[in-house]
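A.B. asks: Questions regarding the structure given below will be posed in turn.
The values are calculated or read from the model by the stated rules, or taken from the named source; none is laboratory data. Quick caveat, the model's predicted, so the values are computed rather than measured. Here the Cβ is made from the backbone with ideal geometry for all residues, glycine too, and neighbour counts use every protein chain on show.
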Amino acid sequence: MRTYLGELEELIMLTVGVLYPEAYGVSVMDELKVQAGRTLNISSVHSVLIRLEDKGFLKSYMSEPREERGGRRKRIFTLTASGKIVLEESQLLRNQLYAMIPKPAFDFKLT
Amino acid sequence: MKHKPPKWAEKFLSWYCREDLLDEIQGDIYELFDRKAVDSKRAANREFVWNVIRFFRIKNIKKRTTDNYTNTITTAMLKNNLTVFLRSFRKNPGHSLLSLFGLSIAFACTFLIILWVNNEFAFDRFHADSENIFKVITHLDANDSYQTQFTAGFNLNAGSLPEVEEVTHISTGTRWPHELCFSPVIESADCIYFSGVYASPNLFSTFSFPILSGDPNPLDDVAQIAISEKMSHMLYGDESPLGKIIKIDGTKEVSIAAVFKNIPSQSSIEFDFALPYKILQQQWGINDESLQKQFFDVYLKTVSNVSSEALSKKLNNPSVIGEEYISKKISYEAIPFTQWHLNSVYENGRLVGGRIDYVHLFILIALLVLATAVINFVNLATARASLRAKEIGVRKAIGAVKSSLVIQFMSESFLMVFIAFLLGIVWTLLALPQFNTLVDDTLSLSALDGSMMLYMFGFLIFITLLAGLYPSLVMSSFQSAKILKGLEIKRFNGSVNIRKTLMALQLCLSIGIILFSTVIHFQLNFIRQKNLGFDKENMIRVEPTYRLLKSYDAFKDQSLKSKVISGMTVTNSNPLHIDSKTMAVEWSGKSVDTNISFQTIGTIDNFTELFDLKVLEGRQFFDQNQTEESMWAEAIITESAAKLFGFKNPIGEKIKILNYLDCEIVGVINDFHTASLKESILPVIIYRKPVEQLSGIYIKYKAGHAEEAIQDINTIYKSLEPDTSIKYWFQDETFDKLYKTESIASNLVLAFSLVSILIAIIGIVGLATFNTLRKTKEIGVRRVFGATQLESLLVLVREFVWVMTVALIVAVPVAWFFSRRWLQSYAYRTEIPWVTFAFILIGAIFLILFIIWIQSQKIISTNPTKSLRSD
């Protein structure tokens, strides 16, 4: 079965890639704010991350406990191989489709 | 010190969150919190809470871990529980049957009361628009006090209010012209009396009295009548009565336009026929103008969601009520029709209750009876537990966990309660006919609909929990090692104390109910036997027709020839309950602002003689025929009336009554009760009236010859009035009817107090048996050491002494308090019967001792070696 990526899922996967090797809930949330201007609640980010892990596009491990987190550990996410394929596929599809748009479609004239 | 997030939110998070996700989620939220806390602690707190709530998602919530335990309830186990239950039942059948019996009787009581209460609350609710129907009542401001009448003026202009859809006037009554004699289609048969109403055309659209056949608006036409199915059947058999001509009073012809369904018993408006107002006008001989001045039952049907307060306010608008009534200090109040049946007693213009008081009383009694029965059940169940301690010990030793024991005992209690429930339904069915005669109603189990059944089931579960929880907790917490070594005694004493407390409570309730019902009984006897001031025994009231009154002299002469009839008189009002109250009495020296109600009786010469009233001053009416003028001009007053007038010598003083009758006082007689004993004696004025204008013939017969008297009167009646059948009542029956509600209530309370005695006895028997069993060895040892039988008995009795004392000490003042409150509603009341109270208490003590004695007989009288050797 082919799995499709949602827009937010794709965005979060890309961010996880960008933040390597420090991608976890809060950092992903912050990065999304900076890069895409999207304000998300931490719980939404968290549930997307868990979902992506369930789909096998991300994998995770627990970091060492941190003082600033009240002695709690972080779940650090990294991309998996199938995650990479899925990202590439969607990139490709995008480029392909973009290239197929005929020139006149971009030809904006005052009518 | 670093700022901390709100504790409760933290706790909530760690309570719901999946363990494998908890660490990272907590970490993330804390990190954000710390970051925010630098700027603002409050904002950080807010965000923390918000995040905790946002994380509360199905995916993040703990899953129930089912795989750690195997399912504790299996069919095999349930089967085993059932077997053990049946065995313990068989081993101790008396005990189990007792508690079953007690509980089932209480259930039956509760069911009966639920049926009755349900029926009471369902009154008048069968109308499709019952929520939007209001009854209009009238308050009359008589200076300091208000008088309330349940009628309103015909000229009430409620139709002008936008929210009022329909205004229905209904003229009701118990006598002519509301009660009429109709001849059946079969000739030679006697005519049959039916009572009916005169009503506005929209009677059948305001109320849901379905019309079976004929004109849907039968009262539109002036010469039409609508009759009930029952009346149609009695008059015409299976023939269709539509279009037939009926003669009213043998003169006015009306045609039958419609047949309506019999009025259900849950209706406060009852009638067998309905006629338009035009006929009433003809009957009374009044024109439209004077009709406007009359007061009738008035019902308003409104659009939905109209409050009675708002409606009342609008009714008192000058354009609605009319300036005239405002100047007479009359005001209207709209009351929801559905509440009318239960709330219809007004005192001083305020609602003070009505039947609802009885409804509350019985709900209370049902709860009390149920409580005593449940306490019994709990007591007996915990008592049984001690006998089964070993079983529990063994169960625990072989690995039963506490929850499975609780389940076992709960299921046993459920089984018991369920059987009791079914038995209760059986008792209910058996008792229903008796109960119906007691409450004078037609209740049936079929009145319980689906939702009621659901409630019943909830009730069943509730009782199961109530009755099963304590025993099962006590039993399951026994420690197996201790039980098996026989060391559980200490722990068990705790539950003995709780049992004793419950026992005392139950005894207290039972005795309280018994004492209270004694007071009710005494009061009703007091009423029945109280000297009313006049004679009501051996008297028949006959409803005369106009023709009969015309030939009254002949009727009287012929009747008196009968050996069993000793006298007769005629009045316009029954002295047992005089309907007419008037403030229109003028006398010299009356101050302007005096508003005193008098009751009046119009009658003929021999009234005082026949009713055995004592003439204290002056004389009674002359018995010779007088002229019309002189007849009008005499009045006899009662003592209290004389006192109110304030004349030194009332004889010969002139008074004016009913605004047109000038009378001279010729005599003063003793006071007599003219209403229910709930009300104080009212002053009465007796005046003379021509026979033809009166409405009731009172015939005195020789005691014990009622049958013959009726026969003789009937023969004479037939000869003078061949067209109608005789209608008669016995005065003492009419008197009993005055206290119908009270005597129903008294019967019910008596019945329930018997039940509570029964339940209390069951409780005492159960506990005494149990106690005796527990003390078998102790008594054996005592006997060996030379105690007499009586001394051994005292050992057992000692257990109950405190229970009894406390119960009695608490029950008496409580019963006293409630009895006094109930007695307050009577103007004439009996004293609290302390002597009887004492007898009841002594009786209760002896009964308890007797039960203990009976129960312990076997053990005390057996050879102690036997009881000591057992085990």
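A.B. asks: Go through (1) farther than 30 Å from residue B:577 by Cα; (2) polar (S, T, N, Q); (3) surrounded by fewer than 19 Cβ atoms within 10 Å (Cβ to Cβ) for residue B:771 and report which single condition fails.
C.D. replies: (3)
A.B. asks: For region B:38-51, name all the residues that are part of a helix (DSSP H, G or I), within 12 Å of chain A (Cβ to nearest Cβ) and surrounded by fewer than 18 Cβ atoms within 10 Å (Cβ to Cβ).
C.D. replies: The one that is part of a helix (DSSP H, G or I), within 12 Å of chain A (Cβ to nearest Cβ) and surrounded by fewer than 18 Cβ atoms within 10 Å (Cβ to Cβ): B:50.
Here's the yes/no breakdown for (1) within 20 Å of residue B:371 (Cα to Cα); (2) surrounded by fewer than 16 Cβ atoms within 10 Å (Cβ to Cβ); (3) modelled with pLDDT under 80:
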| residue | (1), (2), (3) |
| --- | --- |
| B:733 | no, yes, no |
| B:758 | yes, no, no |
| B:777 | no, yes, yes |
| B:803 | yes, no, no |
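A.B. asks: So if I check each of B:529, B:523, which one is free of Cβ contacts under 8 Å to residues at least 60 places away in the same chain and either more than 30 Å from residue B:249 (Cβ to Cβ) or among the hydroxyl-bearing types (Ser, Thr, Tyr) (or both)?
C.D. replies: Selected residue: B:529, the only one of B:529, B:523 that is free of Cβ contacts under 8 Å to residues at least 60 places away in the same chain and either more than 30 Å from residue B:249 (Cβ to Cβ) or among the hydroxyl-bearing types (Ser, Thr, Tyr) (or both).
A.B. asks: With (1) touching a helix residue (DSSP H, G or I) at 6+ places or on another chain (Cβ under 7 Å); (2) modelled with pLDDT under 85; (3) in a loop (DSSP other than H, G, I, E, B) as the list, and residue B:291 as the residue in question, which single condition is left unmet?
C.D. replies: Result: residue B:291 fails condition (3) only.
A.B. asks: I would also like to ask the following. Out of all the residues in region B:648-667, which are surrounded by fewer than 18 Cβ atoms within 10 Å (Cβ to Cβ) and not hydroxyl-bearing (Ser, Thr, Tyr)?
C.D. replies: Of everything in region B:648-667, those that are surrounded by fewer than 18 Cβ atoms within 10 Å (Cβ to Cβ) and not hydroxyl-bearing (Ser, Thr, Tyr) turn out to be B:648, B:649, B:651, B:652, B:654, B:656, B:658, B:659, B:662, B:664.
A.B. asks: Which of the residues that make up region B:224-258 are farther than 20 Å from residue B:204 by Cβ and in a loop (DSSP other than H, G, I, E, B)?
C.D. replies: Selection gives B:237, B:238, B:239, B:249, B:250, B:251.
A.B. asks: Condition first: within 12 Å of another protein chain (Cβ to nearest Cβ), small (Gly, Ala, Ser) and over 19 Å from residue A:7 (Cβ atoms). Can you find one or more residues in region A:28-45 that meet it?
C.D. replies: Scanning region A:28-45 turns up no residue that is within 12 Å of another protein chain (Cβ to nearest Cβ), small (Gly, Ala, Ser) and over 19 Å from residue A:7 (Cβ atoms).
A.B. asks: While we're looking at this one, here's another question. On the given criteria, is residue B:670 at pLDDT 85 or above, assigned by TED's automatic domain parsing to the domain that holds residue B:555 and surrounded by fewer than 19 Cβ atoms within 10 Å (Cβ to Cβ)?
C.D. replies: yes
A.B. asks: Condition first: surrounded by 21 or more Cβ atoms within 10 Å (Cβ to Cβ) and farther than 20 Å from residue B:51 by Cβ. Now tell me which residues in region A:7-61 satisfy that.
C.D. replies: A:13, A:16, A:52, A:57, A:58
A.B. asks: Filter region B:18-37 down to residues that are within 11 Å of chain A (Cβ to nearest Cβ), in contact (Cβ under 8 Å) with a residue 24 or more places away in the chain and either outside any helix (DSSP H, G or I) or not β-branched (Val, Ile, Thr) (or both), then give me how many there are.
C.D. replies: Adding up the residues that qualify gives 5.
A.B. asks: Looking at residue B:465, is it buried (at least 20 other Cβ atoms within 10 Å of the Cβ) and at pLDDT 80 or above?
C.D. replies: In short, no.
For every residue, the table says whether it meets (1) part of a helix (DSSP H, G or I); (2) touching a residue at least 40 places away in the same chain (Cβ under 8 Å).
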{"site": "B:324", "(1), (2)": "yes, no"}
{"site": "B:331", "(1), (2)": "no, yes"}
{"site": "B:335", "(1), (2)": "no, yes"}
{"site": "B:338", "(1), (2)": "yes, yes"}
{"site": "B:342", "(1), (2)": "no, yes"}
{"site": "B:346", "(1), (2)": "no, yes"}
{"site": "B:359", "(1), (2)": "yes, yes"}
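Residue by residue, here is whether (1) more than 30 Å from residue B:776 (Cα to Cα); (2) surrounded by 17 or more Cβ atoms within 10 Å (Cβ to Cβ); (3) within 28 Å of the chain's Cα centre (by Cα); (4) hydroxyl-bearing (Ser, Thr, Tyr) holds:
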| residue | (1), (2), (3), (4) |
| --- | --- |
| B:819 | yes, yes, yes, yes |
| B:825 | yes, no, yes, yes |
| B:829 | yes, yes, yes, no |
| B:854 | no, no, no, no |
| B:866 | no, no, no, no |
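A.B. asks: Tell me, please, whether a residue that is more than 33 Å from the chain's Cα centre (by Cα) and either farther than 30 Å from residue B:838 by Cα or modelled with pLDDT under 85 (or both) can be found in region B:531-544.
C.D. replies: yes
A.B. asks: Now, a different point. In region B:203-235, what residues are within 38 Å of the chain's Cα centre (by Cα), surrounded by fewer than 21 Cβ atoms within 10 Å (Cβ to Cβ) and of a type outside the set (Asp, Glu)?
C.D. replies: Correct list: B:205, B:208, B:210, B:211, B:212, B:213, B:216, B:217, B:230, B:233, B:234.
A.B. asks: Right, residue B:405: in contact (Cβ under 8 Å) with a residue 40 or more places away in the chain and more than 24 Å from residue B:106 (Cβ to Cβ) or not?
C.D. replies: Criteria met by residue B:405.
A.B. asks: For region B:677-713, which residues satisfy the criterion of being crowded, with 17+ Cβ neighbours inside 10 Å and modelled with pLDDT under 80?
C.D. replies: B:677
A.B. asks: So which residues in region B:4-17 are in contact with a Phe, Trp or Tyr (Cβ under 8 Å, 6 or more places away or on another chain) and either within 9 Å of chain A (Cβ to nearest Cβ) or part of a loop (DSSP other than H, G, I, E, B) (or both)?
C.D. replies: Within region B:4-17, B:5, B:6 qualify.
A.B. asks: Determine, yes or no, whether residue A:8 is among the hydrophobic types (A, V, I, L, M, F, W, C) and either within 14 Å of another protein chain (Cβ to nearest Cβ) or without any contact (Cβ under 8 Å) to a residue 24 or more places away in the chain (or both).
C.D. replies: no
A.B. asks: List the number of the failed condition for residue B:228; all other conditions in (1) under 25 Å from residue B:129 (Cα atoms); (2) modelled with pLDDT under 90 hold.
C.D. replies: (2)
A.B. asks: Still on this structure, I have one more. Cβ contacts < 6 Å: first residue within 29 Å of residue B:413 (Cα to Cα) and away from chain A (no Cβ under 14 Å), restricted to region B:57-81; second residue modelled with pLDDT of 55 or more and surrounded by 10 or more Cβ atoms within 10 Å (Cβ to Cβ), any location; separation 6+ or different chain. Result?
C.D. replies: These pairs meet every condition: B:72/B:404; B:81/B:408; B:81/B:411.
A.B. asks: Is it fair to say residue B:117 is among the aliphatic types (A, V, I, L, M) and part of a strand (DSSP E or B)?
C.D. replies: Considered against the rule, which asks whether it is among the aliphatic types (A, V, I, L, M) and part of a strand (DSSP E or B), residue B:117 comes out as no.
A.B. asks: Which residues, counting only those in region A:63-111, are closer than 18 Å to residue A:50 by Cα, in a helix (DSSP H, G or I) and in contact (Cβ under 8 Å) with a residue 12 or more places away in the chain?
C.D. replies: Selection gives A:82, A:83, A:86, A:87.
A.B. asks: Return the only residue of B:242, B:219, B:291 being touching a residue at least 40 places away in the same chain (Cβ under 8 Å) and in contact with a Ser or Thr (Cβ under 9 Å, 6 or more places away or on another chain).
C.D. replies: So the residue among B:242, B:219, B:291 that is touching a residue at least 40 places away in the same chain (Cβ under 8 Å) and in contact with a Ser or Thr (Cβ under 9 Å, 6 or more places away or on another chain) is B:219.
A.B. asks: Would you be able to tell me the number of residues in region B:706-743 that are of a type in the set (Val, Ile, Thr), touching a helix residue (DSSP H, G or I) at 6+ places or on another chain (Cβ under 8 Å) and closer than 18 Å to residue B:176 by Cβ?
C.D. replies: 1
A.B. asks: A further question follows. Which condition number does residue A:31 fail, the rest of (1) in contact (Cβ under 8 Å) with a residue 40 or more places away in the chain; (2) assigned to a helix (DSSP H, G or I) being met?
C.D. replies: (1)
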